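The values are calculated or read from the model by the stated rules, or taken from the named source; none is laboratory data. As the structure is a computational prediction, the values presented were derived from the model and not from experiment. Glycine also receives a Cβ, built like all others from the backbone with ideal geometry; neighbour counts cover every protein chain displayed.
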Amino acid sequence: MNFSNKVVLVTGGSRGIGAAISEAFAKRGAKVAINYHNNDQRAIDCLESLQGTGHHIFKADIADEAACATLVDKVVDRYGRIDILINNAGIHEKHPIDEVDYENWNRIFHETLNTNLLAPARLMFLVSAKMMSQGGGRIVNISSRGAFRGEPDQPAYGASKAGLNALSQSLAQKLAPYGIYIGVVAPGFVETDMVKDLLDSPAGELIRGQSPFKRVARPEEVAYTALFLASDEATWNSGAIIDVNGASYLRT
């Protein structure tokens, strides 16, 4: 897969899965616009590690409506276009219904849905308008197996990802006549720095045991699937949701 001179906007692109996606596109010739929220040094380190040239970092809190519009405008001002949007940024917080109070239940739902569902919806609206004028593009949304299997301890997260799946498929149909193709990656547990302590704890063995391969995904494995869905070869996969969970959860 060759993405020479393609402009790729990756939200949450400086760490974890996002950093692996940024690296994968950079290796294949793309110009990567890395969106990040608040860790300047991590974003700089990610930028400096990328192969090729033309990459740039864009600090923005995509949970803010105005910031989404400003982010897209800044990327277009710098590059003149956006060929590929990767909606990767997301949050999760435990809030079992039998343990939290009403105030925190509502707060966590509001914050999670805003970042995981409404922010991608805003960015898809803004970026698709640019793509329509330039003759098409690709959008890849990072979802989760939690959208299908349920998330008992973090139901807002599961609900947000289920909503993202439905939104992606709705817009895959609507935007197809404009040459805009949309795919979804639904990972299971992924080995990132954010969960290292958990994987190193006694719970790690149980988590790895969810897959018959007895391990969790590497960020690069999720990134490769995002590459495929963003490629010209995957045109007929528009609207597809690809599981990347090592057979830890099988849908029928």
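Glu151 meets the conditions (1) assigned to a helix (DSSP H, G or I); (2) out of contact with any strand residue (DSSP E or B) (no Cβ under 6 Å at 6 or more places or on another chain); (3) more than 17 Å from Ala66 (Cα to Cα) in every case but one. The failed one is (1). Condition check for Val100 on (1) of a type outside the set (Ser, Thr, Tyr); (2) in a loop (DSSP other than H, G, I, E, B); (3) surrounded by 16 or more Cβ atoms within 10 Å (Cβ to Cβ): one failure, at (3). Tell me yes or no: at least one residue of segment 186-197 is surrounded by 21 or more Cβ atoms within 10 Å (Cβ to Cβ), in contact with a Phe, Trp or Tyr (Cβ under 9 Å, 6 or more places away or on another chain) and within 30 Å of Asn104 (Cα to Cα). Checked against the condition, which is being surrounded by 21 or more Cβ atoms within 10 Å (Cβ to Cβ), in contact with a Phe, Trp or Tyr (Cβ under 9 Å, 6 or more places away or on another chain) and within 30 Å of Asn104 (Cα to Cα), segment 186-197 yields at least one hit. Which ones in segment 129-162 are surrounded by fewer than 21 Cβ atoms within 10 Å (Cβ to Cβ) and small (Gly, Ala, Ser)? Within segment 129-162, Ala129, Ser133, Gly135, Gly136, Gly150, Ala159, Ala162 meet the criteria. In the set (1) surrounded by fewer than 17 Cβ atoms within 10 Å (Cβ to Cβ); (2) basic (Lys, Arg); (3) assigned to a helix (DSSP H, G or I), Lys94 fails one condition alone, (3).
Which of the residues belonging to segment 169-217 are in a helix (DSSP H, G or I), among the small types (Gly, Ala, Ser) and free of Cβ contacts under 8 Å to residues at least 40 places away in the same chain? Before you say what the answer is, go through the steps one by one.
Step one: of segment 169-217, the residues in a helix (DSSP H, G or I) are 169-178, 193-200, 203-208.
Then drop every residue that is not among the small types (Gly, Ala, Ser), which leaves 170, 172, 176, 203-204.
Ser170, Ala203, Gly204 - these are the residues of segment 169-217 that are in a helix (DSSP H, G or I), among the small types (Gly, Ala, Ser) and free of Cβ contacts under 8 Å to residues at least 40 places away in the same chain.
Annotation: of all residues in segment 21-30 being out of contact with any Leu (no Cβ under 8 Å at 6 or more places or on another chain) and surrounded by fewer than 24 Cβ atoms within 10 Å (Cβ to Cβ), the one that is nearest to Thr192 (Cα to Cα) is Lys27.
Whether any residue in segment 192-203 is of a type outside the set (S, T, N, Q), at pLDDT below 95 and under 30 Å from Ser4 (Cα atoms) is what I want to check. Checking segment 192-203: at least one residue is of a type outside the set (S, T, N, Q), at pLDDT below 95 and under 30 Å from Ser4 (Cα atoms). Restricting attention to segment 171-190, does a residue exist that is more than 25 Å from Val100 (Cβ to Cβ) and in contact with a Pro (Cβ under 7 Å, 6 or more places away or on another chain)? Yes.
The test for being in a loop (DSSP other than H, G, I, E, B), within 29 Å of Phe109 (Cβ to Cβ) and either of a type in the set (Phe, Trp, Tyr) or under 17 Å from the mean Cα position of the chain (by Cα) (or both) does not hold for Ser160.
When segment 31-46 is limited to residues that are of a type outside the set (Val, Ile, Thr) and either under 20 Å from Arg81 (Cα atoms) or touching a Ser or Thr at 6+ places or on another chain (Cβ under 6 Å) (or both), the one that is surrounded by the most Cβ atoms within 10 Å (Cβ to Cβ) turns out to be Asn35. Restricting attention to segment 233-252, which residues are more than 15 Å from the chain's Cα centre (by Cα), of a type in the set (D, E, K, R) and either surrounded by 17 or more Cβ atoms within 10 Å (Cβ to Cβ) or modelled with pLDDT of 95 or more (or both)? If the condition is that a residue be more than 15 Å from the chain's Cα centre (by Cα), of a type in the set (D, E, K, R) and either surrounded by 17 or more Cβ atoms within 10 Å (Cβ to Cβ) or modelled with pLDDT of 95 or more (or both), then Glu233 is the only one that fits. Scanning segment 119-147 for residues being under 19 Å from the mean Cα position of the chain (by Cα) and without any contact (Cβ under 8 Å) to a residue 24 or more places away in the chain gives a total of 2.
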